[in-house]
Amino acid sequence: MSYKKGEFLYEGKAKTIYSVLSDENFVWLEFKNSLTAFNAQKKGEFEGKGKINLEITNHIFKYLQSNDIKTHWVQEMSESEVVCQKLSIIPLEVVVRNITAGSLAKKFNLKEGVQLKKPLVEFFYKKDELGDPFISDEQALVLGFVESQKTLDDLKSRALKINELLIQFFDKCEISLVDFKLEFGFDLKNNILLADEITPDSCRLWNKKTGEKMDKDRFRQDLGLVKESYEEILLKIQQNWSL
Ligand SMILES: Nc1ncnc2c1ncn2[C@@H]1O[C@H](COP(=O)(O)OP(=O)(O)O)[C@@H](O)[C@H]1O
Ligand SMILES: [Mg+2]
């Protein structure tokens, strides 16, 4: 199938979205080199970041698809561009946590790095202006961000299944999956698909041997070697998983 890049639609912090010429079913995503944290209050970038994140997502989404997870990923068009199914994005960030870190550790004054009794799924309302606040099931339902509890339960069970698969995926790379964020959306036939990206921007990934942080926390916390860590994650994936 040959796709042609259409008009600019919108731009987020990490990707720019274009239409696909004469096909309403698809969008054209361009992965940018920019890096933001704390709801874009902190900005940075590095050469090659878009390429690395696209390639990491490409590996992961193909792995998930081969394990019966439906995703929006369709076809890579260049090193930093991909055609995906066009979705109506559900405005909830679905976060799964295996180990304490980030906002959970802060909110409850917990030590970082403690294994949770079982994976924890949380919803956050996707709204930069509000700083993506935590949202309860009741709030999501009553405020109309999703139609039914069934949809919320569906999102949770998909997220937990993806968590199991990703733990295995990263385990093979000797990386532990601390937590991650997912986005889902509806296609034109109302099927729920996994959307967006899975990258070191959206996951916390720690080197199993050394305990070192390899993800966007290196940028958030000024730990240095950001580009090198992203490259190392991709290299480990390429060495352990063939496409
Ligand atoms: N398949 C898709 N169809 C439509 N929109 C999508 C799709 N996948 C991701 N998006 C949206 O593209 C936008 C740009 O992505 P990104 O730059 O990561 O945004 P953000 O600044 O919200 O993190 C986001 O709003 C994301 O939800
Ligand atoms: Mg994003």
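The values are calculated or read from the model by the stated rules, or taken from the named source; none is laboratory data. What you see is a predicted model, and the numbers here were worked out from it, not measured in a lab. All Cβ positions, even for glycine, are placed from backbone atoms using ideal geometry, and neighbour counts span all protein chains on display. Heavy atoms of the whole protein, side chains included, go into the accessibility calculation; ligands, DNA and RNA do not. Shrake-Rupley method; radii C 1.70, N 1.55, O 1.52, S 1.80 Å.
Of all residues in the stretch 29-50, those satisfying the criterion of being under 13 Å from GLY131 (Cβ atoms) and in contact with a helix residue (DSSP H, G or I) (Cβ under 6 Å, 6 or more places away or on another chain) are ALA37, ASN39. Within the stretch 165-175, does at least one residue satisfy the condition of being touching an Asp or Glu at 6+ places or on another chain (Cβ under 9 Å), within 27 Å of PHE38 (Cβ to Cβ) and either modelled with pLDDT under 95 or more than 16 Å from ligand 2 (Cβ to nearest atom) (or both)? No, because not a single residue in the stretch 165-175 is touching an Asp or Glu at 6+ places or on another chain (Cβ under 9 Å), within 27 Å of PHE38 (Cβ to Cβ) and either modelled with pLDDT under 95 or more than 16 Å from ligand 2 (Cβ to nearest atom) (or both). Can you name the residue in the stretch 192-243 that is open to solvent by less than 20 Å² (accessible area, probe 1.4 Å) and charged (D, E, K, R) and, of all such residues, is nearest to the chain's Cα centre (by Cα)? So the residue we want is GLU197. Taken over the stretch 18-36, the criterion of being modelled with pLDDT under 95 and near ligand 1 (Cβ under 9 Å from one of its atoms) is satisfied by no residue. Once the stretch 67-89 is narrowed to residues that are free of Cβ contacts under 8 Å to residues at least 40 places away in the same chain and on the phi < 0 side of the Ramachandran plot, the residue that is farthest from the chain's Cα centre (by Cα) is SER78. In summary, strands (runs of 3 or more DSSP E) completely within the stretch 168-207 and bearing 3 or more residues that are within 13 Å of ligand 1 (Cβ to nearest atom) occur at 184-186, 192-194.
Scanning the stretch 131-164 for residues that are among the polar types (S, T, N, Q) and part of a loop (DSSP other than H, G, I, E, B) yields a total of 2. All of GLU24, GLU93 fail the test of being under 26 Å from VAL146 (Cα atoms), in contact (Cβ under 8 Å) with a residue 40 or more places away in the chain and within 16 Å of ligand 2 (Cβ to nearest atom), apart from GLU93. If only residues of the stretch 84-134 that are over 20 Å from LYS156 (Cα atoms) and among the acidic types (Asp, Glu) are counted, the one that is surrounded by the fewest Cβ atoms within 10 Å (Cβ to Cβ) is GLU129.
Considering LEU104, LEU64, LEU92, LEU54, the condition of being under 14 Å from the mean Cα position of the chain (by Cα) and more than 22 Å from GLU11 (Cβ to Cβ) is satisfied by LEU64 alone. For LYS216, indicate whether it is within 29 Å of TRP28 (Cβ to Cβ), in contact with a Pro (Cβ under 7 Å, 6 or more places away or on another chain) and outside the structural domain of LYS70 (by TED's automatic domain parsing). Yes. None of ASN67, ASN98 is away from ligand 2 (no atom under 14 Å from the Cβ) and in contact with a Pro (Cβ under 7 Å, 6 or more places away or on another chain) except ASN98. Of the candidates LYS43, LYS13, the single residue that is in a loop (DSSP other than H, G, I, E, B), basic (Lys, Arg) and either open to solvent by less than 100 Å² (accessible area, probe 1.4 Å) or within 16 Å of ligand 2 (Cβ to nearest atom) (or both) is LYS13.
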